[in-house]
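What follows is a set of notes on a single structure, which appears directly below.
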Amino acid sequence: MQDAKEEVRARLNIEDVIGEYVQLKRAGRNFKGLSPFSGEKTASFYVSPDKHIWHDFSSNKGGDVFTFVMEVEGMDFRQALEHLARKAGVDLSMYDTKGSQEIAKRKKRLLEANDLAANYYQQSLIKNQHAIDYVFKKRGLSKQIVQDFRIGYAPTSGDALVQFLTKKGFSAHELSQAGLVNRFGGDMFRGRMMVPLMDGVGQVIGFTARIIVDDPQAPKYLNTPQTMLYDKGRHVFGLSQAKESIRAHDYAVIVEGNLDVVSSHQVGITQVVATAGTAMTEHHLRALVRLSGHARLAFDGDKAGLAATERAIPIAQNVGIDLTIVSLPDSAKDPDELIQQGVDLWQQAIDNAEPVVDWVLKQYATREDLLSAAGKKSFTTAALAVVKELNDPVEQEHYLQKIAKYTNSSIDTLKDKLARGDRVADQSLRRVVDQKPSVQDDSTYQDNLLAVALIDGATHDLFRDIDASTFVGDERQAVAAYLSSHGGKSIKDTPRDLLNYDTYVKILLLRADARYADWNDQDRYFETARLLRQVTTQNKKNQKDLLTEQLRDYETAGNDEKAAEIRSMIHKLIKEIQSGQR
């Protein structure tokens, strides 16, 4: 796909693509605008047509035209490539193998069938008064929301859709692959309100169908079965309609029911999506984390909802998304019902979301008698299983203290139980010697340092004695190592030795152009020296923090000799840090 990627890139101007999302103004050789990823009021978003690169100073994000579309649209690379290929008029099938071409052709046919089916169901809704009464009167949906979600109606006749699509040239095999027919070859959905399932860009990939005449013998909801297009373990309902709002609010609300999403969007709370019931997967959260690092779950508080929330905690830890829980009042069984009581009540519930582990511990506490030994045993067993899934030792320590308060137990007792439960030493509660320090706060000023150094060869001598490993990440270490061994020339394009980090180097050059191009030589030199001192000092602070954790461990273990050695190392670092800050 590399050839296809380059063909698409060559046909598109990056400023034209980004200009569809961001109002850009010329700023010298570059373009400048307000970040689409934050609510900034001062433009700090730059686009370089020369380098085919963008960089957002407010969020420290950057990349090429593909990464921009992935970020702003919440797509993966393949989706972004296909999206931009359509815009550029590039036929990706020319770059695929024969097998890939065949799969792409089949998927295209299935998408066409589902799209035509959605249109057919919409027309059927307009023609059926009973369906109109249900959708607009009983469900209370507006015309706009029906259009936005392409809601329709499946007739009660056994093969109306099959006949319609057969006349459009689709075979029985294709309709079966699209999930539109039952095992007898007739229509899969009959006498139901039809809600299309769409992918992240709004293409119909399946349907969820709600019966409109109560029948105890029939399931209330039917969904498209697993197909080449639809995978319930990956699909996030309402994503195409919600993604702009999720990005603007910087969080997604995840509910269980698709119609909860529809109801919420109708009242203007549009950062809401749904998974298939309560079966949340890593794929669901990965689709959302591209838009925001925060998600609020509005699952039921029953045993099934609690179990689903428990399962979501380690998944969220792996994905890197912050989870909170939306609790509904007892007067409403789901968001749709709460919205009927008052839109403000639904918004209030969302605003009052609490951290996921706090919520889970409260649920456990209400289910056990914490005054009895048996209740404490059950509570701590369940609670510690959740704590074990947390990656951050400080967060673990925080919740151990909460569990201790719930049960009037000691921290040491809980740690011992956690260790015995794992059958290994409680390493998750201790920082190991070679653990890397937190890097989030280090990256921005290190990028500034490398950017200013790249464009000023006179600063390269300052890197001669710098250990590249003090920088965060492979790409920064590679640039720092290059500067320490190749000195004297300002860099205008990616050097041969750094071609593996071409995008990052171009982002640095764009950052340098935007921030430091107008500085004089002396100011750039002093800025480089200042930022290098900051890198060195921060690295020593990180070392000191790790040694402090080790010191606590040795003191707890009663190893006085090792503790004394660590104290000496800490005192030496403190002096060096103080000297570097003068």
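Calculate how steeply helix 443-454 sits against the longest principal axis of the alpha-carbon atoms of the chain, using the helix alpha-carbon long axis, and give the answer as 0 to 90 degrees to the nearest 10. Orientation of helix 443-454: about 60 degrees from the principal axis.
When the Cα gyration tensor is reduced to axis lengths a ≥ b ≥ c, the ratio a/c is 1.5 or higher for region 1-70, and with a/b above b/c it is classed as prolate.
By definition, a body whose alpha carbon gyration tensor gives a ≥ b ≥ c is oblate when a/c is 1.5 or more and a/b is not larger than b/c, and region 254-377 fits this oblate description. Heavy-atom accessible surface of the chain, averaged per residue, reaches 50 Å², computed with a 1.4 Å probe. Computed about its Cα centre, the charge dipole of region 457-582 is approximately 320 debye, with only Lys, Arg, Asp and Glu carrying charge at their Cβ. Centre-to-centre, using Cα atoms only, region 215-265 and region 487-538 are separated by 46 Å.
Computed about the Cα centre, the dipole magnitude for the chain is approximately 840 debye when only Lys and Arg (+1) and Asp and Glu (-1) carry charge, each at its Cβ.
Ligands, DNA and RNA left out, the 1.4 Å accessible surface of region 339-420 is 50% carbon and sulfur atoms. Of all DSSP beta bridges in the chain, what percent run antiparallel (nearest 5)? So the antiparallel bridges amount to about 75 percent of the total. In whole percent, and with a 1.4 Å probe on the protein chains, what portion of the accessible area of region 34-182 is carbon and sulfur? Reported share for carbon and sulfur atoms: 52 percent.
Report in % the part of the accessible area of region 501-574 that belongs to carbon and sulfur, leaving out ligands and nucleic acids; probe 1.4 Å.
Numbers: 1850 of 4130 Å².
Carbon and sulfur together cover 45 percent of it.
Which shape class applies to region 30-148: rounded if a/c is under 1.5, otherwise prolate when a/b exceeds b/c and oblate if not, where a ≥ b ≥ c are the square roots of the Cα gyration tensor eigenvalues? Oblate, because a/c is 1.5 or more while a/b does not exceed b/c.
Think of the chain as having a plus end and a minus end, set by charges on the Cβ of Lys, Arg, Asp and Glu; of V236, P155, A563, P155 sits farthest toward the positive end of this dipole.
Farthest toward the positive end of the dipole of the chain, out of S378, H398, I145, is the Cα of I145, where the dipole comes from beta carbon charges about the Cα centre. Axis angle, to the nearest 10 degrees, between helix 502-515 and the longest C-alpha principal axis of the chain: 70 degrees.
For Cα pairs less than 8 Å apart in space and 6+ apart in sequence, what is the mean separation divided by the residue count of the chain, i.e. the relative contact order in percent? If you can, show how the numbers build up before the last one.
Working: 823 pairs, mean separation 47.5, N = 582.
Relative contact order for the chain comes out at 8 percent.
Sum -39500 (n - 2.57) across every DSSP H segment of at least 4 residues in the chain, then divide by the residue count to get the 222 nm mean residue ellipticity, nearest 500. Could the numbers behind the result be given before it?
Values: 24 runs with 304 residues, N = 582.
Mean residue ellipticity, 222 nm, calculated: -16500 deg cm²/dmol.
With a threshold of 30 Å on the Cα-Cα distance, the over-threshold entries among K61/K87; K303/K376; K41/K143; K5/K105; K41/K243; K143/K243 are K41/K143.
The values are calculated or read from the model by the stated rules, or taken from the named source; none is laboratory data. Just so it is clear, the structure is predicted and the values come from calculations on it, not from any experiment. Don't worry about glycine lacking a Cβ; one is built from the backbone with ideal geometry, like all the others, and counts go over all protein chains shown. Heads up: the accessible areas ignore ligands, DNA and RNA and are worked out on the full protein's heavy atoms, side chains in. Shrake-Rupley method; radii C 1.70, N 1.55, O 1.52, S 1.80 Å.
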